[in-house]
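Okay, so here's the structure we're looking at.
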Amino acid sequence: MPNYKLTYFNFKGRGEILRYIFAYKNTPYEDNRIEYSEWPAHKASYPFGKLPVLEIDGVVYNQSLAISRYLAKQAGLTGKSAMDDLNIDIIIANLDDLVTLFPWEGEKQKVNEYMEKNCHPVLSSLEKALGDKKWFAGDYVTWADFFWDNCVDMFDYQQPGFSKAYPHLLALRKRVQEIPEIAVWIKKRPESQF
């Protein structure tokens, strides 16, 4: 088994999907957290000046979604067909667009406008795509289900109760968090806003 070292900011953020996948497969890894306030001193030493990064047997890789996809394949959390993988990637890309374009430093009015204009349409589409299925892929869990669970905290942090409008997505979140390995991780992970 490869030696893994995960370096990320000391909050859930983009590293959480990686930790979910490691937890799901009980994969050991070195946990290297950097306080956001200390980041300027470290930034130049990481590829493209970004976190999280995953070191695999001494080689450092960046881009959380690329790393997630790699780990998901190792963990059996990808699609059973090329079309399933396409749909999984579509779900993840739409959620990632919301997170990437989010006005993190914006005033409350800009945040609310962004959520109304962007988040509601995407989550409504995801709610419809999920429908009565147990998982986004139908009858089996994938990293798209994990990624949704990682994103929902941000929405509810910005607007408490925001996700209540999406009962199928909330039920999916509950199923993800009830996976025994994920439940164990959630109990022991460090507390943070999102």
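Of (i) 0.95; (ii) 1.35; (iii) 1.03, which is the value of Rg/Rh (Cα atoms, Kirkwood Rh) derived from the coordinates here? Label of the calculated value: (i).
Identify which of THR78, THR27, THR100 has the largest mean-square fluctuation in a Gaussian network model of the chain, with springs joining Cα atoms closer than 10 Å. Maximum fluctuation in the GNM of the chain, among the listed residues, is at THR100.
Going by accessible surface with a 1.4 Å probe and the largest first, ARG189, ARG19 read ARG189, ARG19. Lysines within cross-link reach of LYS50: Cα-Cα under 25 Å, excluding same-chain residues under 8 positions apart? Answer for LYS50, where 25 Å is the Cα cut-off: LYS5, LYS12, LYS73, listed by chain and number.
Under 13 Å from the Cβ of LYS50, count the other residues' Cβ atoms, weight Lys and Arg +1, Asp and Glu -1, and hand me the total.
Residues close to LYS50 contribute a combined charge of +2.
3J(HN,Hα) along the stretch 27-43, derived from phi through the Karplus expression 6.51 cos²θ - 1.76 cosθ + 1.60 where θ = phi - 60°, amounts to 8, x, 8, 7, 9, 10, 9, 10, 5, 4, 5, 8, 4, x, 6, 9, 3 Hz, with x in place of Gly and Pro. Residues whose amide H comes within less than 5 Å of that of TRP135, counting only those at least five positions distant or on another chain, are TYR140 (H built at 1.01 Å from N in the peptide plane).
When each full DSSP H helix of the chain is screened for a Cα extent of at least 18 Å along its own axis and an average Kyte-Doolittle hydropathy of at least -0.5, the helices passing are 82-101, 143-158. Counted over the chain, the DSSP beta bridges are approximately 65% antiparallel.
Determine which aspartates and glutamates satisfy two conditions relative to LYS43: a Cα distance under 15 Å, and not lying fewer than 8 residues away in the same chain. Hits, sequence-local ones excluded: GLU35. For the chain, a Gaussian network of Cα nodes joined below 10 Å ranks SER125, SER37, SER68 by mean-square fluctuation, and the top entry is SER37.
The values are calculated or read from the model by the stated rules, or taken from the named source; none is laboratory data. This structure is a prediction, so every number in the text was calculated from the model and none was measured. Using ideal geometry, Cβ is built from the backbone for each residue, glycine included, and neighbour counts are taken over all protein chains shown. Each accessible area value is taken on the protein alone, full model and side chains, heavy atoms only, with ligands, DNA and RNA left out. Shrake-Rupley method; radii C 1.70, N 1.55, O 1.52, S 1.80 Å.
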